[in-house]
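To keep things clear, I will list the structure first and then write my remarks on it.
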Amino acid sequence: MSPSPIGNVIRRLRFDHGEMTQQDLALRCQVTRQTIIALEADRYSPSLALAFRIARVFGVGLEDVFTWQEDP
Amino acid sequence: MSNHQKTALFNLIVGLLILAGYLVLLALFDAKVAPVSFAFFALTALTPWLFKESVQDERERAITRRAGLIGGMTSYSFVVVTAMLIWALRFRADPPTIDVSVLPTLVMGACVVLLLTHSSAVLWFYRRPLDVGS
């Protein structure tokens with residue numbers, strides 16, 4: 001399976017928001033901590049609903065969290 | 001490790017225990033005694049008590065769905081191939097009959113295959129990139 005073309009800056013946003021823990025973010029997004037770990041490691045591309053929930057937690061737009069990595 | 005992974009690991013161990021028990025009983029006794037090892041299946045009923053199952057999130061649901069598909073396909077293939085193999089082997093026998101214990105063993109064997117492949121697939125998918133849209 002090829003790596004996901006969807007990248008994210010969740011880790012940086014967590015630290016920019018008072019060093020929010022993965023568990024805190026998971027609770028606020030109604031997912032497990034394992035899912036946040038997988039997202040940060042680019043091992044999981046979320047649904048649109050989860051992507052919006054994450055962006056809302058950080059108070060930013062969707063494209064401030066997720067980026068589309070075009071093929072070279 | 002999440003409860004979902006712990007449950008899959010527990011089920012994998014139970015599946016291997018059943019398989020090992022079957023082979024040991026087959027070696028020590030015979031094919032009529034070996035199915036006793038299927039009693040270990042009862043251990044899988046403990047998983048909700050051992051690992052308090054919480055509501056799955058979207059990634060866990062996607063993993064469960066895909067692992068279920070792999071488990072179902074493998075176990076179905078096992079039943080079809082084994083049943084046809086038994087039929088082919090007994091077709092020319094005289095009399096062309098099969099032992100009464102074959103059918104329940106085949107059914108329980110399919111359940112063991114399902115348990116092993118489903119739990120292995122769950123653990124495997126946790127380590128793989130996953131895209132809910134794909």
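Every residue, every condition in (1) within 18 Å of B:VAL14 (Cβ to Cβ); (2) of a type in the set (Gly, Ala, Ser); (3) over 23 Å from the mean Cα position of the chain (by Cα), yes or no:
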residue: B:MET84; (1), (2), (3): no, no, no
residue: B:THR97; (1), (2), (3): no, no, yes
residue: B:LEU103; (1), (2), (3): no, no, no
residue: B:LEU106; (1), (2), (3): no, no, no
residue: B:LEU114; (1), (2), (3): yes, no, no
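Restricted to the range B:34-62, and to residues there that are of a type in the set (Val, Ile, Thr) and surrounded by 13 or more Cβ atoms within 10 Å (Cβ to Cβ), the residue that is farthest from the chain's Cα centre (by Cα) is B:THR47. When you check A:ASP24 against the structure, is it more than 9 Å from the chain's Cα centre (by Cα), among the acidic types (Asp, Glu) and at pLDDT 90 or above, yes or no? Judged against the criteria, A:ASP24 is a match.
Here the helices (runs of 4 or more DSSP H) wholly within chain A that include at least 3 residues being within 14 Å of chain B (Cβ to nearest Cβ) are A:22-29, A:33-40, A:48-58.
Taken over the range A:57-72, the criterion of being loosely packed, with under 14 Cβ neighbours inside 10 Å and either among the charged types (D, E, K, R) or under 11 Å from the mean Cα position of the chain (by Cα) (or both) is satisfied by A:LEU62, A:GLU63, A:ASP64, A:THR67, A:GLU70, A:ASP71. No other residue among A:ALA41, A:ALA26 is touching a Lys or Arg at 6+ places or on another chain (Cβ under 6 Å) and of a type in the set (A, V, I, L, M) apart from A:ALA26.
The values are calculated or read from the model by the stated rules, or taken from the named source; none is laboratory data. These numbers come from a predicted model, not from an experiment. For neighbour counting, all protein chains shown are included, and Cβ atoms are generated from backbone atoms with ideal geometry for every residue, glycine included.
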